[in-house]
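*Asks:* This is the structure I have questions about; it appears just below.
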Amino acid sequence: MIRDEAAARKALTFFKVMAFIVGIGLLVLVVEIILERATSMKGEQNPLHWWPQPHGFIYMVYLVATTNLGFKVGWSLPKMVGVMLAGCVPFLSFWVERKVAGEVEGRLAGR
């Protein structure tokens, strides 16, 4: 049962935004890794050499958003961890975000 629907809606919006940003950021990170490992672009030759550190920070914000939403809607710890880990797999964060959003929106609508 969701006690504070307004807080849960805010947490869901924050989660959705962060899941999208992390998903895009993870794809950029994959491009950075490919440029570094599959080409001779090492260090500052790689135009995305600066991206891994900001991506790590963004991922930490995603973890906060997931935890916040999880506590607001009463998820179990394994579910929270599973949603957090989805942010580590390219494209999976987009699918999990849609699944989570649909589930939480349904609970908020009383379905």
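*Asks:* Pick from Met18, Met84, Met60: which is most flexible by mean-square fluctuation in a GNM of the chain where alpha carbon atoms under 10 Å apart are linked?
*Replies:* Met60
*Asks:* Counting helices only, and only those DSSP H runs with n ≥ 4, report the 222 nm mean residue ellipticity of the chain as the sum of -39,500 (n - 2.57) divided by its residues, in deg cm²/dmol to the nearest 500.
*Replies:* Result for the chain: -26000 deg cm²/dmol, rounded to the nearest 500.
*Asks:* Using alpha carbons only, how many angstrom separate the centre of the stretch 37-82 from the centre of the stretch 1-30?
*Replies:* 12
*Asks:* Please list 99-109, 43-53 highest first by mean number of surrounding beta-carbon atoms within 10 Å per residue.
*Replies:* Taking the mean over residues of other Cβ atoms within 10 Å, the ranking is 99-109, 43-53.
*Asks:* Starting from the Cα of Arg3, step 7 Å toward the Cβ, then list every residue of the stretch 53-81 with an amide N under 18 Å from that point.
*Replies:* It comes to 67-77, nothing else.
*Asks:* Something else now. State to the nearest 20 debye the size of the charge dipole of the chain about its Cα centre, where the only charges are +1 on K and R beta carbons and -1 on D and E beta carbons.
*Replies:* 400
*Asks:* Further question: I need the peptides 65-72, 7-14 ranked by packing, meaning the mean over residues of other C-beta atoms within 10 angstrom, with the highest value on top.
*Replies:* 65-72, 7-14
*Asks:* Given a Förster radius of 41 Å and the C-beta distance between Met41 and Lys99 as r, what FRET efficiency does 1/(1 + (r/R0)^6) yield to the nearest 0.05?
*Replies:* Once rounded, the FRET efficiency stands at 0.70.
*Asks:* Still on this model: R0 = 35 Å: FRET efficiency of Ala109 with Met60, Cβ-based, nearest 0.05?
*Replies:* After rounding, the FRET efficiency stands at 0.70.
*Asks:* If you take the charge dipole of the chain about its Cα centre, with +1 on Lys and Arg Cβ and -1 on Asp and Glu Cβ, which of Gly23, Leu69, His55 is farthest toward its positive end?
*Replies:* Leu69
*Asks:* Can you bin the chain into rounded, prolate or oblate? Criterion: square roots of the alpha carbon gyration tensor eigenvalues sorted a ≥ b ≥ c, rounded for a/c under 1.5, prolate for a/b above b/c, oblate for the rest.
*Replies:* It is prolate, given that a/c is not under 1.5 and a/b is the larger ratio.
*Asks:* Continuing with this model, one more query. Using a Cα-Cα cut-off of under 27 Å, which lysines could be cross-linked to Lys99, ignoring same-chain neighbours fewer than 8 residues away?
*Replies:* Counting by Cα, and skipping residues close in sequence, Lys99 has these lysines nearby: Lys10, Lys16, Lys72, Lys79.
*Asks:* Further question: Are there DSSP H segments in the chain that both extend 18 Å or more along their axis (alpha-carbon positions) and score a mean Kyte-Doolittle hydropathy of at least -1.0? List them, or say none.
*Replies:* Length and hydropathy pass: 5-38, 52-73, 92-108.
Here, each number is a calculation from the coordinates, and none is a lab measurement. Just so it is clear, the structure is predicted and the values come from calculations on it, not from any experiment. Ideal geometry is used to build each Cβ from the backbone, glycine not excepted, and the neighbour counts take in all protein chains shown.
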